[in-house]
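This report refers to the structure that appears directly beneath it.
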């Protein structure tokens, strides 16, 4: 563990912001897909 901490480096701000954008984009994409699926099944009534 000590060797790993010696080799680890702190990422710079630009790298951190890029990772944060990707994570937020992924969360937004999954949320949007969930909303669309829920909306389609709430509007569409199959067989009734």
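Coordinate-derived values only; no laboratory data. Predicted model only: the values in this text are computed from it and were never measured. Cβ atoms come from the backbone with ideal geometry, glycine included; neighbour counts cover every protein chain shown.
Values as computed for the structure displayed
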| quantity | calculated |
| --- | --- |
| Packing-based ranking, highest mean first, of 19-31, 3-15 given that Cβ atoms within 10 Å are counted | 19-31, 3-15 |
| Stokes-Einstein diffusion coefficient of the chain, Kirkwood radius over Cα pairs, 10 °C, 1.306 mPa s, in µm²/s | 110 |
| Residue-averaged 222 nm ellipticity for the chain, from DSSP H runs of 4+ at -39500 (n - 2.57), nearest 500 | -26000 deg cm²/dmol |
